[in-house]
1. Spot the failing condition for residue 160; the list is (1) touching a residue at least 40 places away in the same chain (Cβ under 8 Å); (2) closer than 19 Å to residue 8 by Cα, and only one is missed.
2. Return yes when residue 164 is of a type in the set (A, V, I, L, M) and surrounded by 13 or more Cβ atoms within 10 Å (Cβ to Cβ) and no when it is not.
3. Can we say residue 88 is assigned by TED's automatic domain parsing to the domain that holds residue 169 and either touching a Phe, Trp or Tyr at 6+ places or on another chain (Cβ under 7 Å) or surrounded by 14 or more Cβ atoms within 10 Å (Cβ to Cβ) (or both)?
4. Name the residue that is most open to solvent (accessible area, probe 1.4 Å), counting only residues in the stretch 101-130 that are free of Cβ contacts under 8 Å to residues at least 40 places away in the same chain and within 15 Å of the chain's Cα centre (by Cα).
5. Only one of 155, 163 is within 25 Å of residue 118 (Cα to Cα), touching a Phe, Trp or Tyr at 6+ places or on another chain (Cβ under 8 Å) and not hydroxyl-bearing (Ser, Thr, Tyr); which?
6. Quick one: residue 77 ticks every box in (1) surrounded by fewer than 19 Cβ atoms within 10 Å (Cβ to Cβ); (2) in contact (Cβ under 8 Å) with a residue 40 or more places away in the chain; (3) in contact with a strand residue (DSSP E or B) (Cβ under 8 Å, 6 or more places away or on another chain) bar one, so which box is it?
7. In the stretch 176-194, how many residues are touching a residue at least 40 places away in the same chain (Cβ under 8 Å) and open to solvent by 20 Å² or more (accessible area, probe 1.4 Å)?
8. Take the stretch 139-151 and flag every residue that is within 15 Å of the ligand (Cβ to nearest atom) and either crowded, with 20+ Cβ neighbours inside 10 Å or in contact (Cβ under 8 Å) with a residue 24 or more places away in the chain (or both).
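The values are calculated or read from the model by the stated rules, or taken from the named source; none is laboratory data. What you see is a predicted model; the values in this text were computed from it and never measured. Using ideal geometry, Cβ is built from the backbone for each residue, glycine included, and neighbour counts are taken over all protein chains shown. In case anyone asks, the SASA skips ligands and DNA or RNA and just uses the protein heavy atoms, side chains included. Shrake-Rupley method; radii C 1.70, N 1.55, O 1.52, S 1.80 Å.
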Amino acid sequence: MAVLVSGTGTNLQALLDTVHGRSAEVVAVASSAAGAPALARAEALGIPTAVFARGDYGERAARDEALADWLEQRGARLIVLAGYMELLGAAFIGRFAGNVINVHPSLLPAFPGLGAIEQALAYGVKVFGVTVHFVDEGVDSGPVILQRAVELPDARSAEEVIAALRPLEHTLLPRAVELMASGSLRPDPENPRRTLLDRAAVGPGDG
Ligand code: GRF
């Protein structure tokens, strides 16, 4: 798999600490931003890294093509967006059809896009959560793979919500990668929005 990042990379670290070298190999890490701390996490393990900054390309499609070429050359078949703050176009998603996943810090379809935690706080919700989903051409709109909620009825700051959600992300994203790597996920023929887990693969906490 390849992991796309933009910032700190705690989700990347969770993948490196759990699935990497076991159920899936991280063969490349690409960042949308030079100097993203996530890059150092990959470099520490000798994993190839590269920066594909939007501003270095005339059009987003050109960035997407260069990025997809690089990922393919490294042998990536599963693309994991882990704090990647850019949209990817239809051509990119088509090249890795059905194999691009993302982690988002809300219970989708509530609060897609930027500032999900701030949006949820402003709305005054009592239940927060994390979603791992397939990526389509929309913003956080692809079919849900895994989702987990946490009740925080008194939450007032983004920091306290992040502190509660990060551990969920760091569990759910590696678990989704394991399920993808073992071919345990398939769309429900009656409703392709719904992702089914093979019964044999279901483990504690998969819901
Ligand atoms: C996470 O909250 C993720 O859900 C969101 O961006 C954040 C990335 O954090 N898409 P990190 O860079 O993995 O620490």
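1. The number of the failed condition is (1).
2. Yes; evaluated as a whole, the condition is true for this residue.
3. So residue 88 does not fit the description; no.
4. Kept after step one, since they are free of Cβ contacts under 8 Å to residues at least 40 places away in the same chain, are these residues of the stretch 101-130: 104, 106, 108-116, 119, 122-129.
Okay, now just the ones that are also within 15 Å of the chain's Cα centre (by Cα), so 104, 106, 108, 112-114, 116, 129.
On the way: 104: 9, 106: 5, 108: 19, 112: 54, 113: 24, 114: 133, 116: 5, 129: 1 Å².
Selected residue: 114.
5. Selected residue: 155, the only one of 155, 163 that is within 25 Å of residue 118 (Cα to Cα), touching a Phe, Trp or Tyr at 6+ places or on another chain (Cβ under 8 Å) and not hydroxyl-bearing (Ser, Thr, Tyr).
6. Every listed condition holds for residue 77 apart from (3).
7. If we filter the stretch 176-194 for residues that are touching a residue at least 40 places away in the same chain (Cβ under 8 Å), which is where we start, we get 176-178, 180-182, 185, 187, 192-194.
Next, only the ones that are open to solvent by 20 Å² or more (accessible area, probe 1.4 Å) stay: 178, 180-182, 185, 187, 192-194.
Qualifying residue count for the region: 9.
8. Of everything in the stretch 139-151, those that are within 15 Å of the ligand (Cβ to nearest atom) and either crowded, with 20+ Cβ neighbours inside 10 Å or in contact (Cβ under 8 Å) with a residue 24 or more places away in the chain (or both) turn out to be 139, 140, 141, 142, 144, 145, 146, 147, 148, 149.
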